[in-house]
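All remarks here apply to the structure that follows.
The values are calculated or read from the model by the stated rules, or taken from the named source; none is laboratory data. Quick caveat: nothing in here was measured; it's all calculated off a predicted structure. So basically every Cβ, Gly included, is an ideal-geometry build from the backbone, and we count neighbours across all protein chains shown. Note: accessible area is taken over every heavy atom of the protein model, side chains too, but ligands, DNA and RNA are not part of it. Shrake-Rupley method; radii C 1.70, N 1.55, O 1.52, S 1.80 Å.
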Amino acid sequence: MSQRIGRRTGRALAFALCACACLCMLNAGYADDSILVTKGLCDNPEAMMRAKFLADIAAAEQEWIANYEAVDTKEDVEAYQKTRREAFMRALGPMWERAPLNAQITGQGVKEKYRYENIIFESAPGVYVTGTLFLPLEERFKGPYPAMLVVCGHTTNGKAHDEYQGIGILAAVNGIAGFVVDPIDQGERFQYLNDEGAPVVVGTAAHNLVHAGSILVGRNAATFELWDNMRAIDYLQSRPEIIGDKIGVCGTSGGGTQTSYLMSLDDRVALAAPACYICSFFNDLTKNLGPQDGEQNIFGQLKFGMDHADYLFLRAPIPTLMCCATDDFFNCDDGWRSYRYAARVFSRLQYSNRISIIEKDEGHGYSEDVRVATIRWALLWFTGRNDEIVEHDQPLLDGQEILSMKDGKSVLTLPNARASRELNLELAQQLRPERQKKWADIDAATAAQLVRERALVRAATPAAKVVAEEGDDVVFETDEDIYLTTRVNFGADEQFDELTIRISDVGRASEPTNAAFAAENCGKIAAVELRGYGETQAVGRTYYNHDYFGTDGSDYCLAYLLGKSYVGLRVDDLLAVANYYREKTGAKIKLQAEGYAGTVALVAAIAAPDMFESVELFGDLPTWESQLEKPYGPVVMANAIHGVLNDFDIDDLVGYLTKTGKFVK
């Protein structure tokens, strides 16, 4: 299979990936003399897309409130829960068939008031999950026992972290089993290793890498965590010491995220206590803090109507304790707002006693008070005991005692072990034959519909509106509050027969575009600066590593939450401007694209088969499947379409356009 498409013009792909550095050099004057600024259209072009997405989120909030307020009866609640749970599962994408867990106890021991076992099980063949099961002593509490699954937040040492094993031990010394499991890229489950088997990327940074690749096959980093945790419940239910219908889940921070998802989607979870996570997408999280790592953003969840409050009541009335902290960066006031929405649903179901909240005057973390409150909540609902308990100075396991892998290495070093990236690549390879079959004899109308639906391109494309002109620059409005500058070389001609439209992933002043404009007999050229390119390119938080994901990962995640496709939005821009020039001049339009803008060009040419005479790509454009073959991608987020490999890859599009005679090699 072809892995890279296009032809070279002296510009390496690295030029596209280092957009931030190039932007500073190419567009150094944009901040002061930008036509968008001077014409009063946009005060801060770099923030244009963020402002647009926040306006869309504000509209989504009003729709969410209206839908929530329409939920009144028990039947309404059940219908609301069902539709959102189904949409949630679709957004997470395909999981795996349940296979034998092949569980092993790799170590065990007894302390003063509890015993423990170190476990390795397979959530899918070759996917090894490590955990430590803390059990009550039989002489203190007669089994079988209820159990709490403890899912870890973003600490490098995972289950070995004092707070996480601490709550497992607290459960065990009070008569409840506590199973503390490592998430991917933490504890003993690092996936990005050097030649010596040592981790080089961990925690949230690694989760973002997993997530970026997952997007291409319609999954999410959360898909892997959720499946692992579901299989952890399978394991607990396989143990004779555990009461299978009395299993709860708890965790803080990233563990609060995992708790929220698991309690929403797994019918076997009988009790839940998410901590230091529940807030709201409609306020501080998106407006100030910014979207967090991949698993905390589910594709289209604001489109299908799911905010943080929904996690609390998607399976109401299971007993749910929400834990928050006054000084948490996950806004505590927003948490209380979500709690109130959830409490009203519990009240409508006549179970107002089954939801509660604790706020601790501390910052982000799993404080002792929250751990104690969580286990008291579990004791109350699982055993009927309302004991006042304290966290005694029970001995924690040391770094060696808690290891499931006694050599201290990642489970990825085990025979036949598979990383999340490999599972995504495996799915992509499974999808390839069906993809290729779709494109073998596809007709133009079907091809157009296929790319429009997957890339979320508008069904009809109105012509863009000219809102400002200055020198060789023309500003179009292609959507409400979306202003894009096009650099033109028309001379005095009002009418012409042929027009070349150029697009580039670094804007209208890229080096190849400059050269094209300077060439003799260059003809009529319009360099269209699509949203998020050039002067409207966002240079966001390095939380989304610019070298891996491009500079606009934060904005991409806002779009992702809204169920939008950056590629589709840019196709809309391109087609709107092209439509304007076609209506105005009647010219035949040739399309040229540089770098990752090539994806936009390919999709646009197929989505609107009568718009362009030809398509020519400059620079290298990797296939999406080839990006999954590399441990670190890169997967430039704004070039990623959710689930795209279900329907097409770059070489499918090129092959189709080549057969139609439109692709210029």
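Things worth noting here:
- In the chain, the longest principal axis of the Cα atoms and the axis of helix 203-216 are about 50 degrees apart.
- Translational diffusion coefficient (Stokes-Einstein; Kirkwood radius from C-alpha pairs) of segment 161-319 at 37 °C, 0.692 mPa s, in µm²/s: 195 µm²/s
- Electrostatic dipole magnitude of segment 171-258 [Cβ: Lys, Arg +1; Asp, Glu -1; Cα centre; debye, to 20]: 280 debye
- Rounded to the nearest 20, the size of the Cβ-charge dipole of segment 206-337 about its Cα centre is 280 debye, with Lys and Arg at +1 and Asp and Glu at -1.
- Note on the chain: dipole from Cβ charges, positive end direction compared against A160, V150, W96; the farthest Cα belongs to W96.
- Counting Lys and Arg as +1 and Asp and Glu as -1 over every other residue whose Cβ lies under 9 Å from the Cβ of R348, the net charge comes to 0.
- Taken along the Cα-to-beta-carbon direction at a fixed 7 Å, the label points for K438 and D472 span 4.0 nm.
- Dipole of segment 333-455, positive direction: furthest Cα of Q429, I442, A417, with charges on the beta-carbon: I442
- Atom-type composition of the exposed protein surface of segment 31-139 places 49 percent of the accessible area on carbon and sulfur (1.4 angstrom probe).
- Extending 7 Å from the Cα toward the beta-carbon at both Q62 and A417 defines two label points whose distance is 5.2 nm.
- Under 5 Å from the amide H of V249 lie the amide H atoms of L149, L271, A272, A273, each residue being 5 or more positions distant or on a separate chain, with H modelled from the backbone and absent for Pro and chain starts.
- Restricting segment 161-213 to GluC sites (Glu not before Pro) that sit in a DSSP loop and have at most 12 other Cβ atoms within 10 Å of their own Cβ leaves E196.
- Charge dipole magnitude, Cβ of K and R +1, D and E -1 - the chain, Cα centre, debye nearest 20: 1560 debye
- Here the simple spin-label model places points 7 Å from the Cα toward Cβ, and for W96 and F496 these points are separated by 5.7 nm.
- Relative to the longest principal axis of the Cα atoms of the chain, helix 74-92 runs at roughly 60 degrees.
- Tilt relative to the chain, helix 650-659 - C-alpha long axis, 0 to 90 degrees, to 10: 30 degrees
- Local net charge near D185, Cβ-Cβ under 13 Å (Lys/Arg +1, Asp/Glu -1): -4
- Across segment 560-665, the mean sequence separation of Cα contacts (distance under 8 Å, 6 or more residues apart), normalised by length, yields a relative contact order of 30 percent.
- Long-range amide H partners of S280 with built H, under 5 Å: L285
- Solvent exposure ordering (accessible area, 1.4 Å, most first) of T478, T73: T73, T478
- Which label in (i) 24.5, 79; (ii) 27.0, 95; (iii) 41.1, 130 gives the computed Rg and Dmax of the Cα atoms in Å: (ii)
- Accessible area of segment 343-435 belonging to carbon and sulfur atoms, whole % at 1.4 Å probe: 44 percent
- Relative to the current alpha-carbon distance between R541 and T156, full extension at 0.36 nm per residue lengthens the span by 136.5 nm.
- Length gained on full extension, T326 to E368: 13.6 nm, using 0.36 nm per residue less the C-alpha separation.
- Backbone geometry of segment 437-445 corresponds, through the Karplus equation with coefficients 6.51, -1.76 and 1.60 at θ = phi - 60°, to 3J(HN,Hα) couplings of 5, 4, 8, 4, 9, 6, 8, 4, 5 Hz, x marking Gly and Pro.
- Sites matching trypsin sites (Lys or Arg not before Pro) across segment 413-446 that sit in DSSP coil, with at most 12 neighbouring C-beta atoms within 10 Å: none
- Within a straight-line Cα-Cα reach of under 16 Å, K39 can be paired with the following aspartates and glutamates, leaving aside sequence neighbours fewer than 8 residues apart in one chain: E469, E470, D472, D473, E477, D481, E535.
- Length gained when the stretch I389-T83 is fully extended (0.36 nm per residue, less Cα-Cα span): 106.2 nm
- Applying the Karplus relation 6.51 cos²θ - 1.76 cosθ + 1.60 with θ = phi - 60° to segment 293-310 yields 3J(HN,Hα) values of 5, x, 5, 8, 10, 9, 4, x, 5, 7, 6, 8, x, 10, 9, 4, 4, 5 Hz, where x marks Gly and Pro.
- DSSP-defined beta bridges in the chain - what % are antiparallel, rounded to 5: 50 percent
- Sparse-neighbour loop sites [GluC sites (Glu not before Pro); segment 288-392; at most 11 other C-beta within 10 Å; DSSP]: E388
- R0 of 41 Å, Cβ-Cβ distance D267-T446: FRET efficiency to nearest 0.05: 0.55
- Between the beta carbons of C522 and D76, assuming R0 = 51 Å, the FRET efficiency works out to 0.20 to the nearest 0.05.
- Cut-off 17 Å, label 7 Å out along Cα→Cβ of T106, residues of segment 183-206 by amide N: 183-193, 197-199
- Rg over Rh, two decimals, segment 246-301 (C-alpha only, Kirkwood Rh): 1.01
- Protein heavy-atom surface of segment 550-590, 1.4 angstrom probe: 43% of the accessible area is carbon and sulfur, with nucleic acids and ligands not counted.
- Average accessible surface area per residue within the chain, 1.4 Å rolling probe, Å²: 36 Å²
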